[in-house]
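The values are calculated or read from the model by the stated rules, or taken from the named source; none is laboratory data. Just so we're clear, the structure is a prediction, and the values are computed from it rather than from any experiment. FYI the Cβ positions are ideal-geometry reconstructions off the backbone, even for glycines, and counts take in every protein chain you see.
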């Protein structure tokens, strides 16, 4: 008969995700993970695999619990423009209000590992494509509804906004104030017409 786990794997994974988000992949040791997760090494390896596998599971969890809900909120907004305004305002507020200045785990992972870890790059490229597609659809609706100037290419605007969002997250790590981040967001929205 298999022994039952004396810990909740979901809680342990959330704790690992938070540690990777704060420190990055390379700066996080297995000893730190074990301590943060409240489990022993055998439980870590038996449940999650090695450090790299745990990082990939943490990145997947981040996408599911942080990034995907933002996309859902964008799509559920009362109008395309309201969705964009809400998304950018929430990002600025979160980024500036985070005392640890963690930025975004996905952006952090792209900067740290994207060029040399194909599994990370594949996940992040898929997520970037998903974000750009959602933004392009929203921007096409904004143009159709008269909330953005006609003549814009929604796909080009989506790439621009996705890059802007990534840039906001990087600037937040550098200590940018909320007013500065909101100003960047407002300028981006003004470009829509």
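Brief remarks follow.
- Filtered residues of the range 74-97 (kept if under 14 Å from the mean Cα position of the chain (by Cα) and exposed (fewer than 15 other Cβ atoms within 10 Å of the Cβ)): 90
- Pair list, Cβ < 6 Å and 6+ apart or interchain, from the range 142-161 residues that are in contact (Cβ under 8 Å) with a residue 60 or more places away in the chain to residues that are assigned to a helix (DSSP H, G or I) and crowded, with 18+ Cβ neighbours inside 10 Å: 142/80; 142/81; 147/80; 147/81; 148/142; 161/135
- Near pairs, Cβ below 7 angstrom, 6+ apart or cross-chain, from the range 76-104 (in contact (Cβ under 8 Å) with a residue 40 or more places away in the chain and at positive phi) to any residue that is part of a loop (DSSP other than H, G, I, E, B) and exposed (fewer than 13 other Cβ atoms within 10 Å of the Cβ): 101/175
- Residue 26 vs. criteria in contact (Cβ under 8 Å) with a residue 40 or more places away in the chain, surrounded by fewer than 19 Cβ atoms within 10 Å (Cβ to Cβ) and not in a helix (DSSP H, G or I): yes
- Search result, residues across the range 124-149 that are surrounded by 19 or more Cβ atoms within 10 Å (Cβ to Cβ) and not in a helix (DSSP H, G or I): 148
- Enumeration of residues in the range 157-193 that are over 16 Å from the mean Cα position of the chain (by Cα), surrounded by fewer than 16 Cβ atoms within 10 Å (Cβ to Cβ) and within 22 Å of residue 22 (Cα to Cα): 174, 175, 177, 178
- Cβ-Cβ contacts under 9 Å between residues 6 or more apart (or on different chains), taken from a first residue in the range 48-61 that is at positive phi to a second residue that is in a helix (DSSP H, G or I) and loosely packed, with under 14 Cβ neighbours inside 10 Å, are absent.
- Exactly one residue out of 121, 110 is in a helix (DSSP H, G or I), touching a helix residue (DSSP H, G or I) at 6+ places or on another chain (Cβ under 6 Å) and either farther than 27 Å from residue 16 by Cα or at pLDDT 90 or above (or both): that is 110.
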